[in-house]
Amino acid sequence: MHADIDMIEYLKVARIDHWLKNVFIVFGHAVALVLVLQMEVTTALLVKAALSLVPACLIASANYILNEILDAPFDKLHPTKKDRPIPAGRVSIAILWWMKAGCIVVGFALAWWWFPNPGYLIALGLLLLSGVVYNVRPLRLKDRAFLDVIAESFNNPIRLWLGWYALVETNAMPPLSITLAWWSFGALLMTGKRYSEFRFIADKELSGLYRKSFQIYTEQSLVIAMVTYANLFCFGYGWAVSSYGVLNNLVFVFPFILLAVSAYFRHAMSEVGARLEPEQLLRHPWIIVWTVVTSLLAAFLLYADKADWFHAKELMRTGQ
């Protein structure tokens, strides 16, 4: 029983439950499927899509282990994170370093074996590097106000590239417009989490000790940042939808995206939501409902364009 408990503690540090973030790789699959593969789905394609999640999850866990090791002194100052396995003294740091090394070796070995496209390996390397830049001094961007969100949300474009290069054997990158929109969307969600966490601690001195960037942040600056990222997302989204005919119908999805984001922020800014990690927030029933509805609607509208049922530009010209 004791060994089982120990293993659970080590798995908590590897944050298996945070692998949910890698669902964003599926967005990269979708972009490749629509813009390059003409929405032709095969069994081989689905297998490649599923396999592409495995190396990413292993490298993500390597980053989480590094994060928790380096953050342990600061987590001791947090109202809830002080109970994590490392600050609570329930795990061995030496074993965690070996776990991190194992995740990296196995992750890159599987990527090299399964995906001949060097773009996938490069994107996986960027995912690993992002964990180093974000956590390790002298850069340690997580301590730098605003740069912390920009750096952490950069994992969104990386996951976009992982999904894209897993299915498309090309050196070309996904469109800049879609990359910008996806990056801004991640920054918007992460800033919302910073805002709720800042309000939850409700102590400027204590929050600054826990996270150095909170010495600079204010509620006003975080709200302004959220508005900025929301505008950048809208710009990138509009740019992509207007630039690619196959995406034109997605103009009708935008109101549903706003509802999904509103559901996220409503929960994130509640007293309960402020205590939760982003992955736990994303499991809220209403957020799941709006996400599923939005995804299904987007799939329908894309298929409607392919099947020549209707086209947004023609409908809008008719309404003029």
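The values are calculated or read from the model by the stated rules, or taken from the named source; none is laboratory data. Note that the structure is a prediction, hence the values are computed from the model and not measured. FYI the Cβ positions are ideal-geometry reconstructions off the backbone, even for glycines, and counts take in every protein chain you see.
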For region 202-214, enumerate the residues that are part of a helix (DSSP H, G or I) and in contact (Cβ under 8 Å) with a residue 12 or more places away in the chain.
-> 206, 209, 210, 212, 213, 214
Need at least 3 residues that are at pLDDT 95 or above per element, so show me which helices (runs of 4 or more DSSP H) inside region 1-95 make the cut, counting only ones lying wholly within it.
-> 25-35, 43-51, 53-75
Condition met for residue 147 (more than 19 Å from the chain's Cα centre (by Cα), within 20 Å of residue 207 (Cα to Cα) and of a type in the set (A, V, I, L, M)) = no
How many residues does region 150-173 contain that are more than 17 Å from the chain's Cα centre (by Cα) and either under 20 Å from residue 234 (Cα atoms) or of a type in the set (S, T, N, Q) (or both)?
-> 2
Is at least one residue of region 181-201 part of a loop (DSSP other than H, G, I, E, B), touching a Phe, Trp or Tyr at 6+ places or on another chain (Cβ under 9 Å) and among the aliphatic types (A, V, I, L, M)?
-> no
Check residue 244 against each of (1) within 24 Å of residue 20 (Cβ to Cβ); (2) hydroxyl-bearing (Ser, Thr, Tyr); (3) at pLDDT 80 or above and name the one condition it does not meet.
-> (1)
Do we have residue 244 as of a type outside the set (A, V, I, L, M, F, W, C) and in contact with a Leu (Cβ under 8 Å, 6 or more places away or on another chain) here?
-> yes
Scanning for something surrounded by fewer than 22 Cβ atoms within 10 Å (Cβ to Cβ), in contact with a Pro (Cβ under 7 Å, 6 or more places away or on another chain) and assigned to a helix (DSSP H, G or I), does region 165-179 turn up at least one residue?
-> yes
